[in-house]
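The values are calculated or read from the model by the stated rules, or taken from the named source; none is laboratory data. The structure presented is a predicted model; accordingly, all values stated were derived computationally and were not measured. No Cβ is skipped: glycine too gets one built from the backbone with ideal geometry, and neighbour counts run over all protein chains shown. Protein only, heavy atoms only, side chains kept; ligands, DNA and RNA dropped before computing areas. Shrake-Rupley method; radii C 1.70, N 1.55, O 1.52, S 1.80 Å.
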Amino acid sequence: MTPDTPVRVRFAPSPTGYWHPGNARTALFTWLFARHTGGTFVLRIEDTDQARNTPEAIENLLESMRWLGMDWDEGPEVGGDYGPYFQSERLDIYRQAMDQLLAEGKAYYCFATPEELEQMREEQRSRGISAPKYDGRYRDYPIEEARKRIEAGERHVVRFRTELDQDVVVDDIVRGEVSFKSKDLDDFVIVKGDGFPVYNFACVIDDTAMAMTHVIRAEEHLSNTPRQILLYRAMGYELPRFCHVPVVLNTQRKKLSKRDPGVQSILSYRGEGILPEAVMNYLALLGWSPGSEQEFFTRSQLIEAFTLERVSPSPSVFDVRKLESVGSEHLKVTDTDSLIELALPFFVELELCADPPTGEELAAIKAAVDLLKTRAWNLRNLAESAIYLLRGEYPMDPKGVNKRLLKHDETPAALEAIADALAQVEDWGLEPIEEAFRTASESGGFHTGNAIHATRMAVTGSPKGPGLFECLEAVGRDRVVERMRKVAGQVRTGELAGD
Ligand code: GLU
């Protein structure tokens with residue numbers, strides 16, 4: 001491998017659960033590196049853990065990657081020259097490598113039972129050894145004897161014969177040189193009792209067979225890398241460049257977990273209607289920075305700017321509020337027509353229009369999206385925030401009712417007086433609305449600030465939103481007047497409950 005060798009990198013997930021932001025971030029860095037360098041991005045499915053893999057997890061992963069727009073050049077569905085891309089279909093390849101290591105004496109069979117191993121660890125612990133290791137009891141067991149026991153059907157594993165006096169240095173693009181001593185690494189298992197290779201073994205064989213130039217993976221694998229380096233050496237393989245990307249933490253600076261707020265499967269962000277470009281943008285900032293203040297990136301800007309050298313060795317923090325704010329930046333810059341197309345399923349789901357919508361409904365949706373798109377962070381809350389514009393019935397925020405409608409005795413009178421004035425406005429536009437509103441409030445001796453808040457609550461059901469007069473303009477005169485009068489009546493009769 002020379003500096004000019006075209007980049008080949010892989011994302012190598014074990015499909016054992018749903019795909020969350022931490023996994024996606026590692027895939028994204030790998031994909032961005034491939035796209036930035038014009039290299040090849042390979043997707044390899046590490047499905048050797050028969051007990052934990054599920055077809056649903058594979059489908060979830062592929063669908064998540066497709067949705068985010070991380071396309072793969074080789075792998076499931078697309079094939080390629082270095083397949084198969086499922087480890088479960090590569091067992092013969094691992095077996096050949098195992099046979100070779102056994103033949104060269106670099107690996108050996110071990111028949112220690114789980115009970116024996118537990119006893120061994122227990123005994124070491126009792127001697128004060130905090131990290132007990134395999135004691136090498138089958139290291140020199142004659143291979144002919146071993147083969148006889150295997151033929152007789154005895155359960156066994158294959159272990160790597162680790163030479164004890166070696167220094168292993170991981171030269172990592174993000175963390176620099178990290179040194180390990182081989183004596184701390186143990187004679188680790190390479191093939192399990194069920195005949196399946198362990199991760200470290202299969203990974204080295206595949207990364208070599210698939211001609212990987214760089215191995216980019218999560219930091220949690222850094223401790224596996226020295227074992228892998230020993231295997232590369234034993235098999236005479238050339239080392240790829242390693243790059244371990246930092247862990248993702250929650251806002252309490254603990255390892256990200258499914259229970260953390262806002263941490264969901266990638267596909268549930270799709271379900272909420274957060275734009276995929278926004279998710280990609282936010283994930284890219286988890287552990288990478290462009291070296292400037294820029295935080296908004298389109299997909300192509302990310303590809304252009306991304307380098308592994310700018311990946312930080314420090315942990316990054318997943319903060320759902322930050323994801324929301326990046327989400328809203330992307331909504332803002334998406335043109336209204338594309339947004340409507342993306343958001344229509346959410347409008348349909350909330351029964352704000354027919355499926356497909358009528359021309360009249362589309363026009364109303366367009367006006368709503370124009371008014372509201374700067375305040376939403378995903379397509380679902382964009383549609384939800386439009387309910388008061390598109391439907392006669394709309395939910396009333398109970399906290400807002402308390403604070404904005406029930407606090408001041410003058411509120412119903414103010415709403416009625418202002419409604420009467422608005423009913424007279426002929427030319428329903430921003431300025432005439434504001435003028436009629438303020439004049440009515442002042443001449444009635446009402447507190448205009450309170451009247452503005454109360455009107456917003458009455459007409460939109462929410463204490464927040466775009467400028468009041470813009471809202472009133474969008475809702476339309478007759479509906480505004482009717483709503484203000486109706487709410488004033490409900491306040492008087494005590495029908496309206498706060499929380
Ligand atoms: N299957 C491993 C994982 O999902 C891959 C690690 C690697 O990229 O080498 O963590």
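Only one residue in D49, D71 is in a loop (DSSP other than H, G, I, E, B), out of contact with any strand residue (DSSP E or B) (no Cβ under 7 Å at 6 or more places or on another chain) and within 13 Å of the ligand (Cβ to nearest atom). Which one?
D49
Looking only at the range 149-161, which residues are surrounded by 11 or more Cβ atoms within 10 Å (Cβ to Cβ) and not in a strand (DSSP E or B)? Explain how you work it out, then say what you get.
The initial filter retains those residues of the range 149-161 that are surrounded by 11 or more Cβ atoms within 10 Å (Cβ to Cβ), namely 149-150, 154-161.
Once the filter is applied, which keeps residues that are surrounded by 11 or more Cβ atoms within 10 Å (Cβ to Cβ) and not in a strand (DSSP E or B), the range 149-161 yields R149, I150, E154, R155, H156, R161.
Suppose we keep only residues that are of a type in the set (G, A, S) and open to solvent by 50 Å² or more (accessible area, probe 1.4 Å) within the range 357-380. Which one would you say is nearest to L468 (Cα to Cα)?
Result: A367.
Of all residues being in a helix (DSSP H, G or I) and basic (K, R) in the range 225-249, which is farthest from the ligand (Cβ to nearest atom)? Just the residue, please.
Per the stated criteria, the residue is R233.
If you go through the range 74-96 one residue at a time, how many are part of a helix (DSSP H, G or I) and of a type in the set (K, R)?
Result for the range 74-96: 1.
Which residues, counting only those in the range 162-185, are surrounded by 17 or more Cβ atoms within 10 Å (Cβ to Cβ) and either hydrophobic (A, V, I, L, M, F, W, C) or part of a helix (DSSP H, G or I) (or both)?
Of everything in the range 162-185, those that are surrounded by 17 or more Cβ atoms within 10 Å (Cβ to Cβ) and either hydrophobic (A, V, I, L, M, F, W, C) or part of a helix (DSSP H, G or I) (or both) turn out to be V168, V170, I173, V174, F180, S182, L185.
Could you list, ordered by first residue, the pairs with Cβ atoms under 8 Å in which the first is in the range 204-231 and within 24 Å of D4 (Cα to Cα) and the second is within 8 Å of the ligand (Cβ to nearest atom) and β-branched (V, I, T), at least 6 apart or interchain?
Within 8 Å, the pairs are D207/V215; I216/T26; R217/T26.
Mind checking whether some residue in the range 413-430 is open to solvent by 30 Å² or more (accessible area, probe 1.4 Å), charged (D, E, K, R) and farther than 16 Å from V480 by Cα?
Scanning the range 413-430, I find no residue that is open to solvent by 30 Å² or more (accessible area, probe 1.4 Å), charged (D, E, K, R) and farther than 16 Å from V480 by Cα, so the answer is no.
Of all residues in the range 106-136, how many are over 24 Å from I229 (Cα atoms) and of a type in the set (K, R)?
Number of matching residues: 3.
Taking the range 36-93 on its own, how many of its residues are at pLDDT below 95, more than 23 Å from the chain's Cα centre (by Cα) and open to solvent by 70 Å² or more (accessible area, probe 1.4 Å)?
Count: 2.
Quick one: how many residues across the range 186-224 are small (G, A, S), open to solvent by 10 Å² or more (accessible area, probe 1.4 Å), within 15 Å of the ligand (Cβ to nearest atom) and in contact with a helix residue (DSSP H, G or I) (Cβ under 8 Å, 6 or more places away or on another chain)? Give the steps one after another, and end with the answer.
Taking the range 186-224 and keeping what is small (G, A, S), we get 193, 195, 202, 209, 211, 218, 223.
Subsequent filtering for residues that are open to solvent by 10 Å² or more (accessible area, probe 1.4 Å) retains 193, 195, 209, 211, 218, 223.
When the remaining residues are screened for being within 15 Å of the ligand (Cβ to nearest atom), the result is 209, 218, 223.
Applying the additional criterion that residues be in contact with a helix residue (DSSP H, G or I) (Cβ under 8 Å, 6 or more places away or on another chain) yields 209, 218.
The qualifying residues number 2.
For residues that are part of a helix (DSSP H, G or I) and open to solvent by 10 Å² or more (accessible area, probe 1.4 Å), scanning just the range 3-25, find the one that is nearest to the ligand (Cβ to nearest atom).
Result: N23.
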